[in-house]
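**Student:** I have a structure here, written as structure tokens, and I will follow up with some questions on it.
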Amino acid sequence: MKKTWFLLTALIFFMFVPSQAQEIWEGRGVWAHPGDFGKSEKEVEDFFSLLKKCHIQIVVPLIKDTAGHIFWHSRRFPEAIHPEYKDFDLLRAITNVAPRYKIKVHAWLCDFPEGKDSPAFKSHPEWAMRNPEGGLTSEEKLTPEQIYGPVWMCPAQRPGYTDQWLLPMIQEVVQNYPVEGIHHDYVRYPGDVAPDSYCFCDYCVENYLLYNFFYYPSRPEAAVPLKNIRLRQESNWDQDFTVRPANWDQMSREEKARFILEGKSINRSDLDYFFYEMRCDAITRFVREAWELASAIRPDIEMSAAVFINPMKSGRFIGQRWTDFLPWLDITMPMTYRSHFQGSFEDYLLYLGDTVRAQVEWVAERSTLLVGLDAHYIFREELEPWEKAIQLLKSEKEARSPDLEKELAGLLQANIAYLARFSAPRAKELKARVELFRRGKIDREAMAEALRRILNDPPPGFFPGDKLIRTIEVVRQAKGQGVVIFAASHLSRKKLWGALEKAFSFAAQPAEEKIPARNHLSIRTWKGRQK
């Protein structure tokens, strides 16, 4: 009897008390730039040692930047290799070291931006996105003073950048480097510069009507009017009709763009809806093609992507309705950075929880959800007094009113007091420089540089690690499957690696670190079910 009672008690205990194997798994990743790894295998080894100490399971190293530079020794695209990495194959060193630390590597490509001097754009300017006037994204202005810079390449054009440049790069990486995954970034249309104005390249303008089947290819000149057989005009949408203007071939690019964005199919200006849908389809097609290409070489390859926080909004504004391409992603990393939210830090934590819960619903177990958090913008309160002072120091002479100069003096004094909380010697040094500035002994640029040096090399605690820890905890409470931090360089400059180690050292995590699970509802599994 006692033996039976003991076995029954033990059974109940193991059913309701989680064992180490039953404990909740948490994914932990970090984005990293080439500078984080160094330029020797020894430096790469040191960086991986730091990652392991902080319980990182997946590192996402940048191997193609927004200027079109690549950081592996490409045989097909040698002209794109970053000039500072001609003698050091960074990706080879990373993939040599990573297995020793059991850390996954997802090679990070900034997909569609290039630079005006990049080999892709210089050899094929026709691949670039164009606005209604025929201009490039690089010519746009973000602010009255700031030119945008990058040249975005058209995702839809075939043949074009996607199938002649970007997909072959992915193919080469998967064939020649033992990475565990490919990571998409900038997998979209430009949203921070004129989101409704791209793309109107020759291909997109001419493909728009045909893609949406707004005329019959066998009789392109035919104008088929809508047949109204139901009371509401729009309810006749299922009847055949065409919308191709009779003078389409004589219209300019700008006129065609205006027709696409402002024209109507039946009784309202709705043709732009089909424009936005076509852009979403172009991005989804690329993500699918990238998976098909990579998985044909390595069936176990994983795909991940950095995406904007809300697929409904990003579908409309940047063609990135990422719920459409979840079947071809193993890991989804929404960039849920504080920079996308307004209000205080406490407001952000509240909004973050709501957003992650929505992301969990959008993903719906079709992919592993690692919530992207930043290690920079969360310190808005700490950064603003210093950045504002630098801005005032750099202001033009005619913009320096007495009130602004008084504000600058107050900011400098407040910054000295804040710095003294963490380093009395450095606060004393800053105070001396401020006094020299006040007396006209050093100029405004020298004073601004002194403030920048403190932000770039702050004393420990200047950027409170508790903020990062609290942000990660909100993701846990909202049932996110893990986090990925942007970026290693911010963690280093802000002295936050210790805080990250603390955040990732909670007792419930199994001693044997796991790595992100495969997408068990991915297209490859679906295909397997059909056999």
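The values are calculated or read from the model by the stated rules, or taken from the named source; none is laboratory data. Model, not experiment: these values are computed from the prediction. Cβ atoms come from the backbone with ideal geometry, glycine included; neighbour counts cover every protein chain shown.
**Student:** Among the listed residues S401, S395, which satisfies the condition of being surrounded by 14 or more Cβ atoms within 10 Å (Cβ to Cβ) and more than 27 Å from G461 (Cβ to Cβ)? Steps first, answer last, please.
**Tutor:** Numbers: S401 fails: surrounded by 14 or more Cβ atoms within 10 Å (Cβ to Cβ).
Unique residue meeting the criteria: S395.
**Student:** Taking the stated definitions as given, is C199 surrounded by 13 or more Cβ atoms within 10 Å (Cβ to Cβ) and assigned to a helix (DSSP H, G or I)?
**Tutor:** For C199, the condition - surrounded by 13 or more Cβ atoms within 10 Å (Cβ to Cβ) and assigned to a helix (DSSP H, G or I) - is not met.
**Student:** Please indicate, with yes or no, whether at least one residue in segment 35-51 is touching a Ser or Thr at 6+ places or on another chain (Cβ under 8 Å), touching a residue at least 12 places away in the same chain (Cβ under 8 Å) and either part of a loop (DSSP other than H, G, I, E, B) or of a type in the set (S, T, Y) (or both).
**Tutor:** No, segment 35-51 contains no residue that is touching a Ser or Thr at 6+ places or on another chain (Cβ under 8 Å), touching a residue at least 12 places away in the same chain (Cβ under 8 Å) and either part of a loop (DSSP other than H, G, I, E, B) or of a type in the set (S, T, Y) (or both).
**Student:** Across segment 202-247, what is the total count of residues that are assigned to a loop (DSSP other than H, G, I, E, B), of a type in the set (S, T, Y) and surrounded by 16 or more Cβ atoms within 10 Å (Cβ to Cβ)?
**Tutor:** Within segment 202-247, residues that are assigned to a loop (DSSP other than H, G, I, E, B), of a type in the set (S, T, Y) and surrounded by 16 or more Cβ atoms within 10 Å (Cβ to Cβ) number 2.
**Student:** Hey, can you tell me all the residues within segment 287-320 that are assigned to a loop (DSSP other than H, G, I, E, B), surrounded by fewer than 23 Cβ atoms within 10 Å (Cβ to Cβ) and either at positive phi or of a type outside the set (A, V, I, L, M) (or both)?
**Tutor:** R298, P299, D300, F308, N310
**Student:** Given the residues K3, K52, K64, which is the only one that is modelled with pLDDT under 50 and charged (D, E, K, R)?
**Tutor:** K3 is the lone residue from the list that is modelled with pLDDT under 50 and charged (D, E, K, R).
**Student:** Just to be sure before I move on: is I63 closer than 19 Å to S489 by Cβ and of a type in the set (V, I, T) in the structure I sent?
**Tutor:** So I63 passes the test.
**Student:** Going by the conditions given, is L412 closer than 22 Å to P464 by Cβ, surrounded by 13 or more Cβ atoms within 10 Å (Cβ to Cβ) and more than 35 Å from the chain's Cα centre (by Cα)?
**Tutor:** Here the answer is no, as L412 does not meet what is asked.
**Student:** Also: In segment 45-69, which residues are in contact with a Leu (Cβ under 8 Å, 6 or more places away or on another chain) and surrounded by fewer than 24 Cβ atoms within 10 Å (Cβ to Cβ)?
**Tutor:** Passing the criteria: only C54.
**Student:** Could you please tell me which pairs satisfy a Cβ distance under 9 Å, a separation of 6+ or placement on different chains, a first residue in segment 333-348 that is over 21 Å from L370 (Cα atoms), and a second residue that is assigned to a loop (DSSP other than H, G, I, E, B)?
**Tutor:** D347/F341
**Student:** If I ask for residues that are in contact (Cβ under 8 Å) with a residue 12 or more places away in the chain, surrounded by fewer than 20 Cβ atoms within 10 Å (Cβ to Cβ) and not aliphatic (A, V, I, L, M), which ones from segment 103-139 would you list?
**Tutor:** G115, K116, D117, P119, H124, E126, E133, G134, S138
**Student:** Do we have any residue at all in segment 329-350 that's among the aliphatic types (A, V, I, L, M), part of a loop (DSSP other than H, G, I, E, B) and within 24 Å of E277 (Cα to Cα)?
**Tutor:** Taking segment 329-350 as the starting set, the residues that turn out to be among the aliphatic types (A, V, I, L, M) are 329, 331, 333, 335, 349-350.
Still in the list and also part of a loop (DSSP other than H, G, I, E, B): 329.
Add one more test, that the residue is within 24 Å of E277 (Cα to Cα), and what stays is 329.
Checked segment 329-350: at least one residue is among the aliphatic types (A, V, I, L, M), part of a loop (DSSP other than H, G, I, E, B) and within 24 Å of E277 (Cα to Cα).
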